[in-house]
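I have placed the structure first, in the form of structure tokens, so that the comments after it can refer back to it.
The values are calculated or read from the model by the stated rules, or taken from the named source; none is laboratory data. Just so you know, these numbers come straight off a predicted model, no measurement behind them. All Cβ positions, glycine included, derive from the backbone under ideal geometry; neighbour counts span all protein chains shown. Please note that ligands, DNA and RNA were not included when accessible areas were found on the heavy atoms of the full protein model with its side chains. Shrake-Rupley method; radii C 1.70, N 1.55, O 1.52, S 1.80 Å.
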Amino acid sequence: MPRELEELASQAFEELDKISDPKELETWQIRYLGKKSPLMQLLHSLATLPLEERRITGGRANEIKKALETGLGKRREALKEAQIAVSLQRESLDISLPGQPIPLGRLHPITQILKEICDIFVGMGFQVVEGPEVEWDYYNFEALNIPKDHPARDMMATLWIDFELETGDREMLLRTHTSPMQIRVMEKLRPPIRVIVPGRVYRHEATDATHESMFHQVEGLAVDRNITLADLKGTLFEFARCLFGSERQARFRCDYFPFVEPGVEMAIDCIVCKGAGCRLCGGSGWIEILGAGMVHPDVLRRVNIDPEVYTGFAFGMGVERIPMLRYGIDDIRLFYSNDLRFLKQF
Amino acid sequence: MKVSLRWLRDYVDITLPIKELAERLTMAGIEVKEMQITGGTWENIVIGEIVAVEAHPNADRLKLVTVHLGQKQLTVVSGAPNLRTGDKVPFAYVGAQLIDGHTGEIIQLKPAKIRGALSEGVVCSEKELGISDSHEGIMVLSPEAPAGTPLADYLGDVIFNLDVTPNRPDCLSVIGVAREIAALTEQTVRLPQVSYEESTEVIDSLASVKIVEPVLCPRYCASMIIGVSVAPSPRWLQQRLLACGMRPINNIVDVTNYVMLEYGQPLHAFDYHRIAGRQIIVRLAKGGEVITTLDGMERAMTSDMLVIADAEHPVAIAGIMGGLDTEISEETTAVLIESANFNRSAIRQTSANLGLRTEASLRFEKGLSSELPLPALKRATRLILEIAGGKAAKGILDVYPGRQERQPLLFSTVQISRLLGVEVGTDEAIRTLTFLSFECQKTGSSEQISVTAPYWRTDISNCADLVEEVARIIGYDKIPATMLSTPIPVPELKPEFTLREKLRSIMVSCGFQEVLTYSLTSLDMLRRVSPDSQLTTPLKVANPITKEQEYLRTTLRAKLLATLNQNQRYETGGIRLFEIGKVFLPQEKDLPEEREKLCAVLSGPRSELSWRDQEGLIDFFNTKGVMENLLSWLGEEIKFDVSEDRGLHPGKRADIIVDGIKVGVMGELHPKVSEAFELSGTTYLIELDLKELLPLATRLKKYSPLPRFPGVIRDIAIVVAESASYQQVKNIIQSFPPVAKVNLFDLYRGEQVPRGKKSLALRIVYQAPTHTLTDEEIIKVQEQILDTLYRELGATLRS
Ligand SMILES: [Zn+2]
């Protein structure tokens, strides 16, 4: 009996090694480990054998059964592996074929940059507010220390609305800057005030590569006790670092805007020449980014904020210039001609 | 404003390198936009003194010239006819760049032997130096020119092109800029001589001045010179004018322009003998008066324009331009020089109304000091006497009704630290302000000083102005950068921003490209979007730049469709565009309502051309899908109702109703509109009104618990009359409570169903919150549904 058993086992292992088809594996399993297989029948008939023989034969038979089962498991695993390998090889694609086109939407580059700018200031505790694009002369000029016949009006050629008051005065206009919102905000809110105002502005200007009749600005205003030009500098330098990178240098120089005093122009070192002087920066090494200053005491008085108690700073920047610098765009008109070949680049 | 460095040096010592000086001026608020070096760099060219002129041994027409160059002497060959011992001349060493006198090309000077004699350089003509076209002889410099000095140091100049801000008319002058430089470099200014010898003839006996409008003319000064010879100005004067961009005319006019550039005070010279009645009257023009100005233009005056008149008629438009009648000509022998102060607004208005801006009006309209006319007039009189000869009448006519005392400001350094965030000591503040010619006096208090601005600083009116003065002179770079330390205000909620962002992100995720179009458009464009309908009159720009930008948009559609059209020329795939922006709706006696809208247009293939499944063209239901995406997050039922929108196809348009409110419209573009915008293919359009949407968007949402028991899916197909809408079918099915969801997954018309009918295949999900529904329960509900469908719509189950 044991000899037959050994022969059976070696025969089974031999066959198992040759199997390459999972179906044959099933047949093999039935033949050698199935209920009617000699091995299983032997194990069933053990009870009829004498005790000693039962112990010896039974022990060995169980060993063989375990070995066969293990062998089967391993073989099954190996076959599965082989099969996966084969199918992986067979199923490979030409991965260079184009993907299924899914229409992709994008935000306009100006929307993107406005969000970027606003997010930086929101992080510094500023709140975003918006205001009307069609304004009264009072808010756009008068309340900002730019009365009629003030030469500063030359700096902002105005588009007037065909609308006459009873007095015959033409007072309605397309705002030339976002600064009228300084007045509207201060009329409504009391210090502490910390707002930024993004929006469209308009100028009576012939368009060319660097001039548009419509563009965007972001205005900023902070009013409270103890706000200083140093705070303005810190706020704007931090903003410049966030927007243009920490390696950028920023500088303040004296400039004039009728509604601030002292007045400031902020510039960053030229992105192209890093300050050495080139065509982009007109040889100066610096690029003007925005105008700013301390809110003029007369402006504060006009909105009933006591300039002896409160101080504030304000700033205003052109938005289009920023993506123009960042991406090397050389024509501002591209933004509002909305050619998809341009817009899809952002 | 162009300023010559050489001219500036007359009044102030330049102690900084030029580039650094330009930088300091720029930082202090006088921006140097450009620096132009005139006379070339003239490298290797110095001033030489001719010490000997000898005949050339081998050539009759050439000379051997020995030139003393400070440290050494060199002998060169020259053929110039004007070689004279003792003359100072420009000398170019070998290696210098010169302009060839014959060909005009730039050449580099090489060592040369001319007819056997070694020449180690050349003496130069004006043409060779690029100064003028003269090549007849060598250029002769003035006798005091120092031998050995580089020519560029002696003759060359740097022209600063300055951007002077409108608050600083005082810097529209050489002296003004010199004062700035002096303050920045702690130097003092040397003012020119203004005194002159007067004759015995008293000016009052020769002319009179009367100011009728003292508000418009706070001061009028005049001097007179008799016996002048009108001729071209001397070369130095002409050169200075040219360097500053002004054209020389004659010595009298040139002096008035020169002094305007020097002092910033516009002056005007009249031919005294042409002033009728020897009277100067400053008055408003009378209706119908006409004056021919110096530029030869005949100009009609209106009664709000200030003029300078003689006894008969206007002889000048005050502060803007003189008249041709009293112009200085070659026959002029006596001149009356005007130096006056005019009201800035009046000058600006007249100048704008006449469309005539001059160097004079540009200065007056910025507000000049009424103290300025007198020194400028004296200076001009002195210069005319020097240059044009004649005798000055005794005294000056000076009518000064607008005299104002300059008020001192009480200033404290606390104001500096309060505004700047940096401490500046009282002594430093005084020192800085004093360099700017402010008069500072200590008061009883240790911190307070009394500060009086110099008369030319008309821009100083309060202490913040003084703070800026101190800041810009000590330098803005000295101010530290600190972060705001004040409390952050409590933010106000801005639901309209949230809504806009939400809609934007949905549009982008639906494959739409955002565009931003002009707010201004033409009436024609606005009309095109809505054929056959009455357009409410949009707001009109009174002074449009172009006809295309004359009206404020009342709809986003026009520009969006035009943008679609433009892009159809290049794009081969489908185009999906959207804009969120304001339309401007006029209101009675008020600013317009600025209403935010979303508009989207889509057209063309659903996807790019691809080797994969072809999906066909964008249609109504693609568009509707976008609309459903836009609004589904509201959590409210969206109704698509019959629309009357005239810009859309009558059979393919829908009003969008949410909770009984019309929030927008969608549909296929009306073929007429499509044609008007020259669009190819069929275009679909979506429009939402953000104002209407806002209250719905801000409703507080309530969470609904996740279902605890699974839904059961059943598909049915029904046959129903064409006249029944899907919405009707869906409404009936959804009216039965266990129905959680209905999806239409097939719509069939054709042989398999009777004529006039359609087959709808529907997937219904049944779900109960309390238990898993049993088959019996579902069958029962489904029977009720089918019953109702049959009763109300005649629908039958398709077998
Ligand atoms: Zn550069």
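For this structure, a couple of remarks:
- Report note on the peptides B:718-729, A:90-101, B:326-337: ranked by the mean count of other C-beta atoms within 10 Å, highest first, their order is B:326-337, B:718-729, A:90-101.
- Taking 4.7 Å between beta carbons as the limit, the unpaired Cys residues of chain A are A:Cys118, A:Cys242, A:Cys254.
- Charge dipole (debye, nearest 20) of the protein assembly as shown; +1 at Cβ of Lys and Arg, -1 at Cβ of Asp and Glu: 2760
- Ligands, DNA and RNA left out, the accessible area of segment B:45-155 computed with a 1.4 Å probe is 49% carbon and sulfur.
- Carbon/sulfur fraction of accessible area - segment B:231-344, other protein chains in place, 1.4 Å, %: 50
- Among the residues of B:579-587, the average count of other protein chain beta-carbon atoms within 10 Å of the residue beta-carbon is 2.
- Among B:Gly323, B:Gly264, B:Val212 - extreme Cα towards positive end, dipole of segment B:175-330, charges at beta-carbon: B:Gly264
- Cα gyration tensor shape of segment B:45-155, rounded if a/c is under 1.5, else prolate or oblate by comparing a/b with b/c: rounded
- From phi via Karplus (6.51, -1.76, 1.60), per-residue ³J(HN,Hα) for segment B:537-548 in Hz, x at Gly/Pro: 5, x, 5, 10, 7, 6, 10, x, 6, 9, 5, 6
- Using a Förster distance of 51 Å, the FRET efficiency for B:Ser208-B:Trp236 (Cβ separation, nearest 0.05): 0.90
- Scanning residues 5 or more positions from A:Ile227 or on other chains, those with amide H under 5 Å from its amide H are A:Thr311, with H placed 1.01 Å from N in the peptide plane.
- Within segment B:558-611, trypsin sites (Lys or Arg not before Pro) in DSSP loop having at most 13 other beta-carbon neighbours inside 10 Å: B:Arg569, B:Lys589
- Lysine pairs within segment B:198-399, Cα separation less than 29 Å, 8 or more sequence positions apart or different chains: 9
- Taking the convex hull of Cα positions in segment B:175-305, its mean projected area over all directions (nm²): 11.3
- Other-chain or far-sequence residues with amide H under 5 Å of B:Ala52's (modelled H): B:Thr66
- Whether segment A:49-200 is rounded, prolate or oblate, judged on the alpha carbon gyration tensor where a/c under 1.5 counts as rounded: prolate
- Cα gyration tensor category, rounded, prolate or oblate, for segment A:202-298 with a/c compared to 1.5: oblate
- Distances between placed amide hydrogens fall under 5 Å for B:Leu773 paired with B:Ala768, all partners being 5 or more residues away or on another chain.
- Shown here for segment B:1-61: GluC sites (Glu not before Pro) in loop regions (DSSP other than H, G, I, E, B) with at most 16 other Cβ atoms within 10 Å, namely B:Glu43.
- Helix content alone sets the calculated 222 nm mean residue ellipticity of the protein assembly as shown: runs of n ≥ 4 DSSP H residues at -39500 (n - 2.57) each, divided across all residues, give -9000 deg cm²/dmol.
- Compactness relative to 2.2 N^0.38 Å, alpha carbon Rg of the protein assembly as shown: 1.40
- The HN-Hα couplings worked out from phi for segment B:322-336 by the Karplus form 6.51 cos²θ - 1.76 cosθ + 1.60 (θ = phi - 60°) are x, x, 5, 4, 9, 4, 6, 10, 5, 7, 4, 10, 9, 10, 10 Hz, whole numbers, x standing for Gly and Pro.
- Neighbourhood charge, 12 Å Cβ-Cβ cut-off, centred on B:Gln767 and excluding it, Lys, Arg +1 and Asp, Glu -1: +2
- Shielding by partners - mean other protein chain Cβ count within 10 Å, residues of B:459-465: 4
- Beta bridges by DSSP in chain A, antiparallel share as percent, to the nearest 5: 95
- Share of carbon and sulfur in the accessible heavy-atom surface of segment A:2-90 [1.4 Å probe, %]: 55
- The GluC sites (Glu not before Pro) found in segment B:523-598 that occupy coil by DSSP, while having at most 15 further C-beta atoms within 10 Å, are B:Glu588.
- Choice from A:Lys23, A:Lys233, A:Lys115 with maximal GNM fluctuation in chain A (Cα, 10 Å cutoff): A:Lys23
- Long-range Cα-Cα pairs in segment B:276-422 (distance over 24 Å), rounded percent: 44
- The aspartates and glutamates whose alpha-carbon is closer than 19 Å to the alpha-carbon of A:Lys344, local same-chain residues fewer than 8 away aside, are A:Glu116, A:Glu320, A:Asp330, A:Asp331, B:Glu514, B:Glu571, B:Glu579, B:Glu608.
- All C-alpha pair distances within chain A, sorted into 20 Å bins from zero, spread as 23, 32, 9, 11, 17, 8, 0 percent across the bins.
- Proximal lysines to B:Lys72, defined as alpha-carbon separation beneath 30 angstrom and excluding residues fewer than eight positions away on the same chain: B:Lys63, B:Lys88, B:Lys110, B:Lys113, B:Lys127
- Per residue, in Å², the accessible surface of the protein assembly as shown once ligands and nucleic acids are set aside, probe 1.4 Å: 47
- Karplus 3J(HN,Hα) series, Hz, for segment B:732-743 with 6.51 cos²θ - 1.76 cosθ + 1.60 (x for Gly, Pro): 4, 4, 6, 6, 9, x, x, 6, 9, 7, 10, 10
- Buried accessible surface for the A/B chain pair comes to about 7900 Å², total over both chains, computed with a 1.4 Å probe.
- Taking a straight Cα-Cα cut-off under 17 Å and skipping sequence neighbours fewer than 8 places away in the same chain, the lysines within cross-link reach of B:Lys741 are B:Lys639, B:Lys730.
- With N as its number of residues, segment A:2-90 has a Cα radius of gyration that, divided by 2.2 N^0.38 Å, comes to 1.29.
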